[in-house]
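**Student:** Have a look at this one before I ask anything.
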Amino acid sequence: MANLRVVFCALRQMKNISNLILIILTAAFFGSVSGLSLLGFSRDYFNYDNLYQEIAIDQDGETKKLNDLLFYYSIKLFSSFFVEFEYFYLFFCLITIGVLFFGIGLTKTRLFIFLVIWMSLSFGLHYYTQVRAGLAIAILICAFYAQKRLITCLLSILAITAHISALIPVVIYYFALTPRKLKTLILVGFFLSWAFFLLNRDNLVLSIIINYLPDERLLKYIELLGKGEFTEQNMLAAMPILQLLATIHILARRCILPNYKFEVYLSFAGPVLFYMLSSIPVFAIRGYELFIPFFIIMISRKEYGSIFLYFILFAYLIFGLKSSFFGSLPIIQI
């Protein structure tokens, strides 16, 4: 019996090592696809290239912004060794997806299910196009599933330096951990603030937000928005509806895993932001997109398995592929 136990332990270790090697190879594969632009240049590729050149020659710190300090100093480090942008971008994508897969390993969700759904939309969106946001989300996944308060706090700060929008999931995460009575007070304060925002969105509040936007294209978008362009949003978009239905279904079944309650809050926050910010479509869409990876992690768990959720998974996969590769303006244009 002792010898048999040793054999089982050895087999288990071999399986763990094999899984680790497989994860590393998978991360390297997707990192290479993204970093080498094997599916064609993304919409943001040349923006990153221009930003790299600007920061590389900036001696006075004029291009340094509080909302992307991690990206800024990464470029400064690489450019100081005269590294070309192509190599920096490849390294950045490899690290980003490597961090993501490390974080997914901490979630204890079903890796294969996660990968299939992740490839349909989130890969093209956050790890082929919006790579800075992808890195921030990857760091947040590591932070939220670290289960150590200090590490969670430090990694959350690091994620915010990678992309300022990471502040939103961080706020939702800590809100999920607060006592119920405090949640009520926070919600009351939030809705009062939101009412103030709606009444003043064309004045002080919106101008403050615009000053801290991490993307110059968003500034251009706001300018066009003020001229009456791009003011419509598809309120019947399938993916926010599917995400909302799946989250409500899990809540209704009362099968939430105690250690992962924050997943429900994060998954619910995406559609809520999508509809609450519908009057400013670019904020609504970007806000919703931040929470997609956390939703994929949640519905990939075997504990939440049901016929209804499997239907949601399949529909989410189909609409994700449509957004990534088909439609009038696909994320990845091969």
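The values are calculated or read from the model by the stated rules, or taken from the named source; none is laboratory data. Since we're looking at a predicted model, the values are computed, not measured. We place every Cβ from the backbone using ideal geometry, glycine too, and count neighbours over all the protein chains shown.
**Student:** Could you please let me know if Ala146 is in a helix (DSSP H, G or I), touching a residue at least 12 places away in the same chain (Cβ under 8 Å) and surrounded by 15 or more Cβ atoms within 10 Å (Cβ to Cβ)? Show your work before the answer.
**Tutor:** On the way: in a helix (DSSP H, G or I): no; touching a residue at least 12 places away in the same chain (Cβ under 8 Å): yes; surrounded by 15 or more Cβ atoms within 10 Å (Cβ to Cβ): yes.
So Ala146 does not fit the description; no.
**Student:** A follow-up question, please. Restricting to the range 52-64, name every residue that is at pLDDT below 90 and surrounded by 13 or more Cβ atoms within 10 Å (Cβ to Cβ).
**Tutor:** Hits for the range 52-64 are Ile55, Ala56, Asp58, Thr63, Lys64.
**Student:** Would you confirm, using the coordinates I've provided, whether Leu115 is surrounded by fewer than 23 Cβ atoms within 10 Å (Cβ to Cβ), modelled with pLDDT of 95 or more and either assigned to a helix (DSSP H, G or I) or touching a His at 6+ places or on another chain (Cβ under 6 Å) (or both)?
**Tutor:** Working: surrounded by fewer than 23 Cβ atoms within 10 Å (Cβ to Cβ): yes; modelled with pLDDT of 95 or more: no; either assigned to a helix (DSSP H, G or I) or touching a His at 6+ places or on another chain (Cβ under 6 Å) (or both): yes.
Against the criterion (surrounded by fewer than 23 Cβ atoms within 10 Å (Cβ to Cβ), modelled with pLDDT of 95 or more and either assigned to a helix (DSSP H, G or I) or touching a His at 6+ places or on another chain (Cβ under 6 Å) (or both)), Leu115 does not qualify.
**Student:** Continuing with the same structure: Here are the criteria: (1) touching a residue at least 60 places away in the same chain (Cβ under 8 Å); (2) in contact with a Ser or Thr (Cβ under 6 Å, 6 or more places away or on another chain). Tell me which single one Leu177 does not satisfy.
**Tutor:** (2)
**Student:** Which numbered condition in (1) under 19 Å from Tyr260 (Cβ atoms); (2) exposed (fewer than 14 other Cβ atoms within 10 Å of the Cβ) is the only one that Ala195 fails?
**Tutor:** The single condition Ala195 does not satisfy is (1).
**Student:** If you go through the range 159-206, how many residues are modelled with pLDDT under 75 and hydroxyl-bearing (Ser, Thr, Tyr)?
**Tutor:** 1
**Student:** What number of residues within the range 64-88 satisfy the criterion of being in a helix (DSSP H, G or I) and either within 18 Å of the chain's Cα centre (by Cα) or under 17 Å from Ala136 (Cβ atoms) (or both)?
**Tutor:** Result for the range 64-88: 10.
**Student:** Moving on to the next point. If I filter the range 126-133 for residues that are within 19 Å of Leu155 (Cα to Cα), in contact with a helix residue (DSSP H, G or I) (Cβ under 8 Å, 6 or more places away or on another chain) and basic (Lys, Arg), do I get at least one hit?
**Tutor:** Checked against the condition, which is being within 19 Å of Leu155 (Cα to Cα), in contact with a helix residue (DSSP H, G or I) (Cβ under 8 Å, 6 or more places away or on another chain) and basic (Lys, Arg), the range 126-133 yields at least one hit.
**Student:** Look at Glu289 and say whether it is under 21 Å from the mean Cα position of the chain (by Cα) and of a type in the set (Asp, Glu).
**Tutor:** Taking the combined requirement at face value, the residue satisfies it.
**Student:** Mind checking which residues of the range 305-332 are surrounded by 12 or more Cβ atoms within 10 Å (Cβ to Cβ), under 18 Å from Leu39 (Cβ atoms) and not hydrophobic (A, V, I, L, M, F, W, C)?
**Tutor:** Gly320, Lys322, Ser323, Ser324, Pro330
**Student:** Within the range 38-63, work out how many residues are part of a loop (DSSP other than H, G, I, E, B), in contact (Cβ under 8 Å) with a residue 12 or more places away in the chain and closer than 20 Å to Phe325 by Cβ.
**Tutor:** 5
**Student:** Condition check: of a type in the set (D, E, K, R), in contact with a helix residue (DSSP H, G or I) (Cβ under 9 Å, 6 or more places away or on another chain) and crowded, with 19+ Cβ neighbours inside 10 Å. Does Arg253 satisfy that?
**Tutor:** No, not satisfied.
**Student:** Condition check: acidic (Asp, Glu), surrounded by 15 or more Cβ atoms within 10 Å (Cβ to Cβ) and either free of Cβ contacts under 8 Å to residues at least 24 places away in the same chain or closer than 29 Å to Leu20 by Cβ (or both). Does Asp68 satisfy that? Walk me through how you get there before you give the answer.
**Tutor:** Numbers: acidic (Asp, Glu): yes; surrounded by 15 or more Cβ atoms within 10 Å (Cβ to Cβ): yes; either free of Cβ contacts under 8 Å to residues at least 24 places away in the same chain or closer than 29 Å to Leu20 by Cβ (or both): no.
It is false that Asp68 is acidic (Asp, Glu), surrounded by 15 or more Cβ atoms within 10 Å (Cβ to Cβ) and either free of Cβ contacts under 8 Å to residues at least 24 places away in the same chain or closer than 29 Å to Leu20 by Cβ (or both).
**Student:** Still on this structure, I have one more. Can you name every residue in the range 303-334 that is outside any helix (DSSP H, G or I), more than 27 Å from Asn259 (Cβ to Cβ) and polar (S, T, N, Q)? Walk me through it before giving the result.
**Tutor:** Start the filter on the range 303-334 by keeping residues that are outside any helix (DSSP H, G or I), which leaves 305-306, 326-334.
Filter again for more than 27 Å from Asn259 (Cβ to Cβ), leaving 326-334.
Ser328, Gln333, listed by residue number.
**Student:** Taking the range 248-289, which residues are aliphatic (A, V, I, L, M) and either assigned to a loop (DSSP other than H, G, I, E, B) or under 22 Å from Thr109 (Cα atoms) (or both)?
**Tutor:** Matches in the range 248-289: Ile248, Ile250, Leu251, Ala252, Ile256, Leu257, Val264, Leu266, Ala269, Leu277, Ile280.
**Student:** Among the hydrophobic types (A, V, I, L, M, F, W, C) and more than 30 Å from Thr178 (Cβ to Cβ): which single residue out of Ile256, Ile248, Ile332, Ile312 fits that description?
**Tutor:** After applying the criteria, what remains is Ile332.
**Student:** Identify, by number, the condition in (1) within 21 Å of Tyr316 (Cβ to Cβ); (2) assigned to a helix (DSSP H, G or I) that Thr109 doesn't meet.
**Tutor:** Against the list (1) within 21 Å of Tyr316 (Cβ to Cβ); (2) assigned to a helix (DSSP H, G or I), Thr109 comes up short only on (2).
**Student:** Restricting to the range 221-258, and then to whatever is at pLDDT 85 or above and under 27 Å from Lys148 (Cβ atoms), can you tell me which residue is farthest from the chain's Cα centre (by Cα)?
**Tutor:** Ranking the qualifying residues of the range 221-258, first place goes to Ile250.
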